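Scroll down for the structure; my scribbles are underneath it.
The values are calculated or read from the model by the stated rules, or taken from the named source; none is laboratory data. Owing to the predicted nature of the structure, the values given are computational and were not obtained by experimental measurement. Reconstructed Cβ throughout: ideal geometry from the backbone, glycine too, with neighbour counts over all protein chains shown. SASA here: full protein model, heavy atoms, side chains in, ligands and nucleic acids out. Shrake-Rupley method; radii C 1.70, N 1.55, O 1.52, S 1.80 Å.
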Amino acid sequence: MEAVVATIPPTVTWLDPPHGLAIRMIDQTLLPGELVMLDLRTIEGLCEAIRSLRVRGAPAIGCAAALGLALVAQQTEAATSEEMLAVLEKARGEVACTRPTAVNLFWALDRVMDIARLAALIGPERIRDRVLHEAQEIVAEDVERCRGIGRMGAPLLPEAGNVLTHCNAGALATGGYGTALGVIRAAVEAGKKIHVWADETRPLLQGARLTAWEMQAEGIPCTVLCDNAAGALMAQGEVDCVVVGADRIAANGDVANKIGTYGLAVLAKAHGVPFYVAAPLSTLDPATPSGAEIVIEQRDWREVSLVAGRLEKSIMPEGVPAYNPAFDVTPAELVTAIITESAVLRAPYGEAIAEQFSLMGKANGGSPAAG
Ligand code: MRU
């Protein structure tokens, strides 16, 4: 049977009236079986969507969080700047509690709140306008950042070969285009013949469900493997390089990403396979010195026992607990390069990352936070 090639709608967008005020997003928990768009009209609905991974992937979570504050700003009847800021602070607190590891969530919330505080000097209407504008900017910029990552990273991929990726760091995980998959997309657009090995990515199967769906939609050849098959593939010389995304990169270059990334990096090192991390500068966290300080989200054990939390019946004997961290930390020394939208960073990462922030600070009149 001929495969159905889907067009990928925007991962997360703002909806103005008459259909809005709402945040429209793909419900990623239903892919690849069903492509369902959700229109979220409350901050509680948005928080639930982030917690349950209807929207997921570090940059996409940041975009959704920013739009969440815009939604609150549009809906509130706060009459003064002070009241408006208090309402936004409360919403910020609720969204910040949803998932702890991806720094983009906090980066986007802080960026919008900084703008709100500036606009407060003028008045509540100004806050409403500026917050919505900033949130939409964050989404639009994210796509551009991903295209930049693609341009930087594509030359690192072979003219023809096999690239292994883990989880989903594609259009679905970002404002669009993707980070790790952005590098692959850009390489294919440049005429390279790339075949993608997509790790299934237990327990929630982002690789099997989402990366495979995106690659099929793009017409990029892709094969799914069980996570535990990656070592055998590398030993057979079937992997030319690994490209993954990141949820947070510490100041020393340690990388938090989907659970299983660390094991892949160790395997890549053992087999002499380059291990690349593709991420926007908004994923770099200079305030966190090393991976040891990154908070790793622990998720419900039933995601393991019920396979993606979906089966009717547990695959484990009753009474046996399951360990379910959502992320792990890959030490910087296992990373061949970090591909950002502005440069390909190489070790020593502490210096390379500090340099990026110093350049950004100069470009923004001394304030890296101005992004
Ligand atoms: O739990 P998820 O699906 O949000 O985890 C996503 C990942 O680990 C991605 O690799 C990471 O966020 C980078 S997305 C460009």
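Using a 1.4 angstrom probe, figure out how much accessible area the range 149-370 has per residue, in square angstrom, rounded to the nearest whole.
40 Å²
Tell me which of 53, 76, 120 sits at the most positive position along the dipole axis of the range 12-147, charges placed on C-beta atoms (Lys, Arg +1; Asp, Glu -1).
Highest projection toward the positive end goes to 53.
Filter the chymotrypsin sites (Phe, Trp or Tyr not before Pro) in the range 307-364 to those in DSSP coil with at most 11 other Cβ atoms within 10 Å of their Cβ, and list the result.
Answer in residue order: 323.
Quick one: among 250, 186, 287, which has the greatest mean-square fluctuation in a GNM of the chain with alpha-carbon springs under 10 angstrom?
Result: 287 has the largest fluctuation of those listed.
Carbon-plus-sulfur fraction of the accessible area of the range 12-147, 1.4 Å probe, in percent?
Of the solvent-accessible surface of the range 12-147, carbon and sulfur hold 56 percent.
Treating only the Cβ atoms of Lys and Arg (+1) and Asp and Glu (-1) as charged, compute the dipole magnitude of the chain about its Cα centre; round to the nearest 20 debye.
Rounded to the nearest 20 debye, it is 260 debye.
What do you get for the angle between helix 180-189 and the principal long axis of the chain? Use alpha-carbon atoms, 0 to 90 degrees, nearest ten.
Between helix and principal axis, roughly 70 degrees.
Pairs of alpha-carbon atoms within less than 8 angstrom and 6+ residues apart define the contacts here; what relative contact order does the range 12-147 have, in percent?
24 percent
Per the 1.4 Å probe, what fraction of the accessible area of the range 189-342, in percent, lies on carbon and sulfur atoms?
About 56 percent, which is the carbon plus sulfur part of the accessible surface.
At most 15 other Cβ atoms within 10 Å and a DSSP loop assignment: could you name the GluC sites (Glu not before Pro) in the range 263-371 that fit?
Answer by residue number: 312, 318.
Provide the per residue accessible area, probe 1.4 Å, for the range 1-72, rounded to a whole number of square angstrom.
41 Å²
Excluding residues on the same chain fewer than 8 positions from residue 313, give the lysines whose Cα lies under 29 Å from its Cα.
Residue 313 reaches 258.
If the viscosity is 0.890 mPa s and the temperature 25 °C, what Stokes-Einstein diffusion coefficient in µm²/s follows for the chain when Rh is the Kirkwood radius over Cα pairs?
Value of D from the Cα-based Kirkwood radius: 117 µm²/s.
How far is the Cα center of the range 223-261 from the Cα center of the range 296-322, in Å?
23 Å
Please give the net charge around residue 229, taking every other residue with its beta carbon less than 15 angstrom from that of residue 229, where Lys and Arg add +1 and Asp and Glu add -1.
Net charge around residue 229: -3.
Can you tell me the orientation of helix 261-270 relative to the chain, as the angle in degrees between its alpha-carbon axis and the longest Cα principal axis, to the nearest 10?
Once rounded, the angle reads 40 degrees.
Residue 40: net charge of surrounding residues, Cβ under 11 Å, Lys/Arg +1, Asp/Glu -1, itself excluded?
-1
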